[in-house]
Amino acid sequence: MSQIQRLEKLLSLFSSSSRVLIVINADPDAIASALAVKRLLWRRVQEVRITHFNEIRRPDNLTMLRVLNIEMSFITDIDDRKFDRFVLVDSQPDHHECFAMFRYDAIIDHHPISCDSALFNDIRSDYGACSTMLTEYIKASGIKPSQNLATALIMGIKTDTAGFLRQTSMEDVRAFQYLYKYTNPCLITRIEHAEFKEKDLDFIASAIRKKRIINHRVYSHSGKIENPDQCVITADFFMKMDSANWSVVSGIYNKKLVIIIRNDGLRKNAGNMAKHAFESIGSAGGHKTMARVEIKMEDIAPLFDTDKFESLIGDWIIEKVESNAGIKTE
Ligand SMILES: [Mn+2]
């Protein structure tokens with residue numbers, strides 16, 4: 001099917017009285033794809049709303065919504081009886097129970113095909129981003145994308161291809177090149193630079209003061225913490241140091257020890273290291289470059305002969321990681 005035919009088939013699902021709900025798991029690619037669908041349907045239907053069910057917490061994603069003036073509604077604020085057409089982008093109905101709540105008229109996605117249950121299904125799993133597919137729809141429709149739409153689509157492609165370091169197709173490159181002339185590069189930079197909130201910066205400052213560096217591994221244990229996401233941000237931040245091969249940032253949250261592990265991925269495997277070191281006492285897992293460990297404090301207590309063991313946890317983590325970090329596991 002040509003792109004023009006796809007576009008015509010998609011548009012034929014709607015009439016001027018249609019009330020359309022676009023459902024997404026909001027990340028940059030899904031948000032941009034939804035915006036593009038909304039643009040395609042502009043002045044063709046009665047109403048288009050975008051709804052998401054996940055909480056958006058990443059500062060860069062929040063900045064994207066703010067600087068591009070993107071309007072979305074949280075799923076609990078939506079009365080779905082008001083809508084008679086449902087569109088799913090960047091996912092398939094079996095990806096999440098919240099998606100399965102609706103019967104879709106159209107599904108446009110780039111994940112491996114698992115549930116093409118709509119009237120119109122366009123699933124192209126060789127594409128790096130759903131935003132690339134929607135860029136092709138926009139092009140086929142003859143619409144000149146606004147600066148905000150083009151910037152959103154570029155963010156979708158950049159995010160899902162990790163800046164073209166991950167699975168990418170020629171179509172992704174072509175879409176990027178096409179969109180670039182319509183974007184404002186300062187907006188892209190503004191979004192991508194938004195890594196921290198002010199509170200995160202205070203957390204990082206205190207983690208820097210507590211850091212210890214052993215064998216190019218940066219350790220920092222923060223004791224009791226209010227938000228484990230800050231350990232993630234800090235672990236990523238430490239990897240910006242030129243000589244850091246690993247970073248291990250930990251804290252105690254909800255009576256659990258949370259350890260966030262990052263490395264540069266060069267002959268290392270964070271997930272396997274975490275399992276070797278911690279699986280016997282808690283949950284541990286991850287990938288080559290990132291891992292997460294969670295251990296109940298009550299399960300750590302018996303490992304120490306003192307009640308005041310909390311002050312020893314930082315050293316205990318270092319000992320565990322140092323004796324396992326060399327493990328050769330692929
Ligand atoms: Mn995607």
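Quick notes on this one:
- If you go through the range 291-330 and pick out every residue that is open to solvent by 80 Å² or more (accessible area, probe 1.4 Å), at pLDDT 95 or above and of a type in the set (A, V, I, L, M, F, W, C), you end up with 0.
- Being free of Cβ contacts under 8 Å to residues at least 40 places away in the same chain, open to solvent by 60 Å² or more (accessible area, probe 1.4 Å), within 16 Å of the ligand (Cβ to nearest atom) and in contact with a strand residue (DSSP E or B) (Cβ under 8 Å, 6 or more places away or on another chain) is true of Ile113.
- Pairs meeting the criteria (first residue in the range 154-169 and away from the ligand (no atom under 13 Å from the Cβ), second residue assigned to a helix (DSSP H, G or I), beta carbons under 6 Å, at least 6 apart or on different chains) are Ile154/Leu179.
- Test: Ala270 is more than 21 Å from the chain's Cα centre (by Cα) and farther than 19 Å from Glu198 by Cβ: no
- Number of residues in the range 123-143 that are aliphatic (A, V, I, L, M), part of a helix (DSSP H, G or I) and either more than 12 Å from the ligand (Cβ to nearest atom) or not assigned by TED's automatic domain parsing to the domain that holds Val173 (or both): the value is 2.
- Selection within the range 123-140 - touching a helix residue (DSSP H, G or I) at 6+ places or on another chain (Cβ under 6 Å) and either of a type in the set (S, T, N, Q) or open to solvent by less than 10 Å² (accessible area, probe 1.4 Å) (or both): Gly128, Ala129, Cys130, Ser131, Thr132, Leu134, Thr135, Tyr137, Ile138
- Residue check, Thr189 open to solvent by 50 Å² or more (accessible area, probe 1.4 Å), within 16 Å of the ligand (Cβ to nearest atom) and over 30 Å from Ser323 (Cβ atoms): no
- Residue check, Ile260 touching a Pro at 6+ places or on another chain (Cβ under 8 Å), in contact (Cβ under 8 Å) with a residue 12 or more places away in the chain and either surrounded by 18 or more Cβ atoms within 10 Å (Cβ to Cβ) or not assigned by TED's automatic domain parsing to the domain that holds Asp60 (or both): yes
Yes/no per residue for (1) modelled with pLDDT of 95 or more; (2) within 23 Å of the chain's Cα centre (by Cα); (3) in a helix (DSSP H, G or I); (4) small (Gly, Ala, Ser):
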site: Asn121; (1), (2), (3), (4): yes, no, no, no
site: Arg166; (1), (2), (3), (4): no, yes, no, no
site: Phe176; (1), (2), (3), (4): yes, yes, yes, no
site: Arg209; (1), (2), (3), (4): yes, no, yes, no
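- Count of residues meeting criterion [part of a helix (DSSP H, G or I) and either within 13 Å of the ligand (Cβ to nearest atom) or among the aromatic types (Phe, Trp, Tyr) (or both)] in the range 16-60: 8
- Scan of the range 109-146 for residues that are more than 18 Å from Ser12 (Cα to Cα) and among the hydroxyl-bearing types (Ser, Thr, Tyr), ordered by number: Ser114, Ser125, Tyr127, Ser131, Thr132, Thr135, Ser146
- Condition check for Phe196: touching a Lys or Arg at 6+ places or on another chain (Cβ under 6 Å), of a type outside the set (Val, Ile, Thr) and away from the ligand (no atom under 16 Å from the Cβ): no
The values are calculated or read from the model by the stated rules, or taken from the named source; none is laboratory data. From a predicted model like this one, the values you see are computed outputs, not experimental measurements. FYI the Cβ positions are ideal-geometry reconstructions off the backbone, even for glycines, and counts take in every protein chain you see. Just so you know, the surface numbers come from the protein's heavy atoms only, side chains and all, with ligands and any DNA or RNA stripped out. Shrake-Rupley method; radii C 1.70, N 1.55, O 1.52, S 1.80 Å.
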